[in-house]
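Below is a structure I'd like to ask you about.
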Amino acid sequence: MNPRACIFVDGENFRHTIVELFNNFSQVDYLPKNAKWNDFFNWLVSEIEPTAKRIRTYWYVIEWMDFYPHKFCNPVSDANNLKVLLCRNTLFKDKLDRLNGQPLCDEMVKIVDILTKKKQNMLNRFSGWGTVHSAISTKHNLIEFRKAGAIRYNLYTEELGKEKAVDVKLATDLIMLKDIYDIAIIVSGDQDYVPAVQVIKDSGKHVVNVSFKKRNGQLLPSGSWRLNQTTDWSLKVDYDQFKKFMDIA
């Protein structure tokens, strides 16, 4: 009987890998538009165990988007607290410190309006990510997106923070689903999965981690040394091979 393999993809970690590897990949696209996902995941399985059958790819992504600041005080009735909040950003602080009286309130209204529009734009992007997930799972066989946790977007710096709880969901499923696979393939560089990997190995399963090489052949820094040491072995994907699957020019 052919061994059964399941792939567990840490979505944000995987996306950051693509961004780090390919300078000409636009993050606006979120994920490569023409990537050959089925071919890639089937190739991973064949490289690890040629006789294995891929049961499913579980791809873990963010369920919620949080924002900082979470909300804004009323610029008229609670102007002092709003100013304190906005002054946490150096640029806004310098601007507001130069104002006094009524123009201060007017300026804060303008700033809040700018930040509110940024929030809505990010929510639209986040909604677009879900559309991409649906398109991938519809077009490609045996790929299931699982949502968990949240990621914070800083409206001041326009930067995304680290996702929370996604790794917990992946680790939990890794253990809960152990009866449906013989080989677990983890696509991540996060050492937080080490305890779950040890549990799976003790239950008689084989666990492989997937790492990625840069153009110069060096392993990406995000390829966790500790995770690679804990798994049975690590598959190191060459830059050119991965680029073909991602169909990035």
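The values are calculated or read from the model by the stated rules, or taken from the named source; none is laboratory data. This is a predicted model, so every value here is computed, not measured. Neighbour counts run over all protein chains shown; Cβ positions are idealised from the backbone, glycine included. Protein only, heavy atoms only, side chains kept; ligands, DNA and RNA dropped before computing areas. Shrake-Rupley method; radii C 1.70, N 1.55, O 1.52, S 1.80 Å.
Given H placed on each backbone N at 1.01 Å, which residues far from I186 in sequence or on other chains put an amide H within less than 5 Å of it?
Answer set, sorted by chain and number: F8, V208, N209, V210.
Here's something else I'd like to know. Starting from the exponent 0.38 and prefactor 2.2 Å, build the expected Rg for segment 111-245 from its residue count and divide its actual Cα Rg by it.
Against the empirical 2.2 N^0.38 Å value, I get 1.27 for segment 111-245.
Quick query: amide H of I143 versus all other amide H atoms, modeled in the peptide plane; which residues come in under 5 Å with a sequence gap of 5 or more or a different chain?
Amide H neighbours of I143, under 5 Å, 5+ apart: T57.
If you plug each phi of segment 189-206 into the Karplus form 6.51 cos²θ - 1.76 cosθ + 1.60 with θ = phi - 60°, what whole-Hz ³J(HN,Hα) values come out, in order, with x for Gly and Pro?
x, 9, 6, 4, 7, 4, x, 5, 4, 5, 5, 5, 4, 5, 8, x, 8, 9
Filter the cross-link list K119/K147; K110/K164; K36/K236; K33/K178 down to pairs whose alpha-carbon distance in this structure exceeds 30 Å.
Too far apart for the 30 Å limit: K110/K164; K33/K178.
Ignoring ligands, DNA and RNA, how do R215, R4 rank by accessible area with a 1.4 Å probe, largest first?
Solvent-accessible surface, decreasing: R215, R4.
Accessible area of E63, 1.4 Å probe, to the nearest 10 Å²?
Here the residue's solvent-accessible area equals roughly 70 Å².
Among [x] 78, 39, 34; [y] 53, 49, 25; [z] 59, 50, 33, which one is Cα extents along the principal axes in Å computed from these coordinates?
[x]
Which three extents, in angstrom, do the Cα atoms of segment 183-230 have along their principal axes, listed largest first?
38, 18, 13
Also: If amide hydrogens are placed 1.01 Å from N in the peptide plane, which non-local residues have theirs closer than 5 Å to the one on R4?
Here K53, D182, I183 satisfy the definition.
Report L85's accessible area, 1.4 Å probe, all protein chains in place, as a number in Å² to the nearest 10.
It works out to around 20 Å².
Also, quick follow-up: Compute the acute angle (0 to 90°) between the alpha-carbon long axis of helix 166-176 and the principal axis of greatest extent of the alpha-carbon atoms of the chain; round to the nearest 10°.
Value to nearest ten degrees: 30.
Here is a further query. Hey, can you rank 161-167, 182-188 by average C-beta count inside 10 Å, highest first?
182-188, 161-167
Of C105, C73, which has the most accessible area with a 1.4 Å probe, and how do the rest follow in descending order?
My answer, sorted largest first, is C73, C105.
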